Amino acid sequence: MSIAPLDANAVAQYLIDHPQFFHEHAGLLGEVKLSSPLTGRAVSLQERQMEVMRDKFRALELRLSDLSRRAEENAGIANRFHAWTQALLVSKGGAAMARDLADGLRTHFIVPQVTLRLWNVAPEHAGEWFAQGVSDDARIFANSLRAPYCGPNNDFEAVRWLDDAESIRSTVMLPLGQPGQSFGLLVLGSPDPARFTTAMSTDFLVHIAATSTTALAPLRA
């Protein structure tokens, strides 16, 4: 009578269902040989288990290191955000707020170039630098943004508002106001194409846009 070959899945399930098996047959732990993917040689089940555990431990170490790095980066950004908001609190307000806001971002976040434009401003601010040179297309673009734009400078009109627009390779553009009802656009630019990318997190940028919206709202008509 022929014996049906054992099914590998059935063996695996048996060992899962009977965790005491190797306790009852401890000698097998040293006799079962497995191929090590690290050395290619045959190792005991115990040695292979240790290799697996070391691999998991290394993966956890790398994950923990990455989380620690991200936490440090976020803490640094939070500190810069705090310093920037403090600078806004001591601003004289009015037209000076626009300049203090842009200068603060440039200084505290070490952004090479920063500018902004507002529309529908109060009559007394109509002649200010931040109310000049905004086309209907730029306003439509700002209203179309539902989140901060981060990425390459694709010859955006808003980027041309920066002092040295020709050098800008990556940019951030933040709509000011409610979604679809923008009253301004905040523009950050860098000559480094990797400074602002589509893969970067935008959580703090959303906070910057919200704070800027509140700080600049008194300039509206």
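Compute the length gained on full extension between Asp17 and Glu124: take 0.36 nm times their separation in residues and subtract their Cα-Cα distance, giving the result in nm to one decimal.
Numbers: separation 107, 0.36 × 107 = 38.52 nm, distance 8.04 nm.
Extra length from Asp17 to Glu124 when fully extended: 30.5 nm.
Top mean-square fluctuation among Val172, Val11, Val121, Gaussian network model of the chain, C-alpha springs under 10 Å? Sorting by GNM fluctuation, first place goes to Val11. For region 92-219, with all protein chains in place and a probe radius of 1.4 Å, 52% of the accessible heavy-atom surface sits on carbon or sulfur. GNM, the chain, Cα, under 10 Å: largest mean-square fluctuation among Leu60, Leu176, Leu186? Per the Cα network of the chain with a 10 Å cutoff, Leu60 tops the list. The Rg/Rh ratio for the chain is 1.35, where Rg is the radius of gyration of the alpha carbons and Rh is the Kirkwood radius.
Calculated [222 nm] ellipticity per residue, helices only, for the chain: -14500 deg cm²/dmol; basis is -39500 (n - 2.57) per DSSP H run with n ≥ 4, divided by all residues, nearest 500. Rolling a 1.4 Å probe across the protein heavy atoms gives the chain an accessible surface of 62 Å² per residue. Shape class of region 92-219 from the alpha-carbon gyration tensor: rounded, with the ratio a/c of largest to smallest axis under 1.5.
The values are calculated or read from the model by the stated rules, or taken from the named source; none is laboratory data. From a predicted model like this one, the values you see are computed outputs, not experimental measurements. Quick note on the areas: whole protein, heavy atoms, side chains included, nothing else; ligands and nucleic acids left out. Shrake-Rupley method; radii C 1.70, N 1.55, O 1.52, S 1.80 Å.
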